[in-house]
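Visitor: I have a structure I would like to understand better, so I am pasting it below and will then ask my questions one at a time.
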Amino acid sequence: MPAAIIDDLRATFDATTVLTGADIDARYHTDMAGIPVAPPLAVMRPRSTEDVSKFLKLCHEARVPVTTQGGMTGLVRATMPLPGEIVLSMERMSAIEEVDTGGGVVITQAGVPLQRLQERVGEDGFMFPLDLGARGSCTIGGNISTNAGGNRVIRYGMTRDLVLGLEAVLADGTVLKGVRKYIKNNTGVDLKQLFVGTEGTLGVVTRAALRIFPAPAEQQVALCALESFGKVRALLDLARTRLGGDLTAFEVMWNAYYRLTTELVQGVAAPLPTSHPFYVLLEASGSNADRIRNDLEEMLEKALEGDVIVDATIASSGQAAAAIWKIRDSSVELGRAIGPNGVGFDISLSIDKMEAFADTIQAELKKIDKDAYAIVFGHAGDGNLHVNAKYPPTTDRNEDVTKLVYGITADFAGSISAEHGIGILKRPYLNLSRTEEEIETMRALKRALDPHHILNPGRIFTV
């Protein structure tokens, strides 16, 4: 069967589209951590939706499994090929087809890197608000497949909230042409939602219509130091009251994250002393520059007067703002600087449980290894924490730590994945966040749309 499908692909597509053997670069089977797996059976690099349709039809008929790849920035091994799979790389579907500023929409192919899309709409005075640390390499298709969140969810929502329409190809090659440029569309089942956050298990997204917004005339960034998590919550309440819809980001960093990042990551400086228990990065943006800055200054003055914060700095330039954001965006670099022995987690839970959750994680890690500790940071404004659990290199504690953190997450009624997806790594723990009835409904959708289970099989759940 492998030889037959390769022959069919070569007969249908040119040599630059179908890669096999020594032509398959290591990047198609190596993850973010640099850990490789065996090369895939082949790599398919389509240029169009028609190419994707023809390819999937052949794989469907031959019962050959496929894993779809974008920028390969995922952290749950969802895009790493399993034995016998063909990689479907969207890297050549990288056209930004239309920027409609009147309608507030951009139409793009799935392989476009997020940062390039941001820069293109920026040329017309607009912004695509989805933003995350991997912006330079992650792709729009990957953002859609994982329902990416990032830094501005508190104002603009998740990727799901930015998708107006999608074009997707089903497992048998059927093309669903749903790229529509309007917000209101109550014409039955909203099919695009089947492909947002489902990690390529129900279909392959090839094109998308996405919401864009006029770029704010002013963006103000501040960094605050706080003495307790209760003060973090008080600052969030104050920011929402005083800044309203101008509040773009509210990022919290426990001391260990801020201190270690500014000490260990090259090119990252500490604008405030590293001795405070908590730090909050605030961003406000809007059309009136004077008002935005005045509102932020007045809010911080009130916070200082009310003993909500103990110190703060407002970025005096775009360069200074970028330097503050670099602290928050350097989590991957921090992990590398500390060393490989650890596990990263992407947790969602209510803000009133965050402090107790983090304290419980720290205490319970010590029971596994007295030298283990957790580095905690995240998007407090939308209920998302990232936890990097570290332990000494003498013993592999990966499985023990993973079971511990996800068990505690379940105890706190949280989600084991806020924005990174499930993939293969989190699949054994899906039942901690979703009921068996919910998981079986997912399986029913999979069986209906992909009866031969060729699309990203084994990701999220087994059928």
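Visitor: Quick check on the stretch 426-445. Is at least one of its residues in contact (Cβ under 8 Å) with a residue 12 or more places away in the chain, over 26 Å from residue 130 (Cβ atoms) and of a type in the set (D, E, K, R)?
Guide: Among the residues of the stretch 426-445, at least one is in contact (Cβ under 8 Å) with a residue 12 or more places away in the chain, over 26 Å from residue 130 (Cβ atoms) and of a type in the set (D, E, K, R), which makes the answer yes.
Visitor: Only one of 400, 396 is acidic (Asp, Glu), at pLDDT below 95, outside the structural domain of residue 255 (by TED's automatic domain parsing) and not in a helix (DSSP H, G or I). Can you tell me which? Steps first, answer last, please.
Guide: Numbers: 400 fails: not in a helix (DSSP H, G or I).
Checking each option against the conditions leaves just 396.
Visitor: Give me the pairs, please: first residue somewhere in the stretch 344-368 and farther than 14 Å from residue 404 by Cα, second residue anywhere and part of a loop (DSSP other than H, G, I, E, B) and modelled with pLDDT of 95 or more, beta-carbon distance under 6 Å, and either six or more positions apart or on two chains.
Guide: 348/414; 349/412; 349/414; 353/412
Visitor: Something else now. Looking at this structure, is residue 69 closer than 28 Å to residue 345 by Cα and in contact with a Lys or Arg (Cβ under 8 Å, 6 or more places away or on another chain)?
Guide: no
Visitor: Name every residue in the stretch 281-302 that is within 11 Å of residue 220 (Cα to Cα) and among the acidic types (Asp, Glu), in order of residue number.
Guide: 283, 290, 295, 297
Visitor: Taking the conditions exactly as written (crowded, with 16+ Cβ neighbours inside 10 Å and not in a helix (DSSP H, G or I)), does residue 413 satisfy them or not?
Guide: Taking the combined requirement at face value, the residue does not satisfy it.
Visitor: So residue 96 fits all but one of (1) at pLDDT below 95; (2) over 15 Å from the mean Cα position of the chain (by Cα); (3) not polar (S, T, N, Q); what number is the exception?
Guide: All conditions pass for residue 96, except number (1).
One line per residue, one yes/no per condition, for (1) surrounded by 23 or more Cβ atoms within 10 Å (Cβ to Cβ); (2) under 21 Å from residue 8 (Cβ atoms); (3) over 21 Å from the mean Cα position of the chain (by Cα):
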site	(1), (2), (3)
38	no, no, yes
44	yes, yes, yes
51	no, yes, yes
56	yes, yes, yes
61	no, yes, yes
66	yes, yes, yes
74	yes, no, no
83	no, yes, yes
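Visitor: Please find, among 180, 135, 155, 120, the residue that is crowded, with 17+ Cβ neighbours inside 10 Å, touching a strand residue (DSSP E or B) at 6+ places or on another chain (Cβ under 9 Å) and assigned to a loop (DSSP other than H, G, I, E, B).
Guide: Answer to the selection: 135.
Visitor: Can you tell me which residues in the stretch 426-453 are part of a loop (DSSP other than H, G, I, E, B) and buried (at least 21 other Cβ atoms within 10 Å of the Cβ)?
Guide: Result: 426, 450.
Visitor: Here is a further query. Return a yes/no flag: does the stretch 382-403 have any residue that is within 18 Å of residue 146 (Cβ to Cβ), in contact with a His (Cβ under 9 Å, 6 or more places away or on another chain), surrounded by 18 or more Cβ atoms within 10 Å (Cβ to Cβ) and of a type in the set (Asp, Glu).
Guide: No, the stretch 382-403 has no match at all.
Visitor: Taking the stretch 67-105, which residues are among the β-branched types (Val, Ile, Thr) and out of contact with any Asp or Glu (no Cβ under 7 Å at 6 or more places or on another chain)?
Guide: 68, 73, 76, 79, 86, 87, 96, 105
Visitor: Continuing with this model, one more query. Take the residues in the stretch 170-210 that are of a type in the set (Val, Ile, Thr) and under 22 Å from residue 130 (Cβ atoms); name whichever of them is modelled with the lowest pLDDT.
Guide: 183
Visitor: On to the next question. Output yes when any residue across the stretch 343-351 is over 18 Å from residue 373 (Cα atoms), in the same structural domain as residue 396 (by TED's automatic domain parsing), among the β-branched types (Val, Ile, Thr) and part of a helix (DSSP H, G or I), and no when none is.
Guide: So far as the stretch 343-351 goes, yes, one or more of its residues are over 18 Å from residue 373 (Cα atoms), in the same structural domain as residue 396 (by TED's automatic domain parsing), among the β-branched types (Val, Ile, Thr) and part of a helix (DSSP H, G or I).
The values are calculated or read from the model by the stated rules, or taken from the named source; none is laboratory data. Just so you know, these numbers come straight off a predicted model, no measurement behind them. Neighbour counts run over all protein chains shown; Cβ positions are idealised from the backbone, glycine included.
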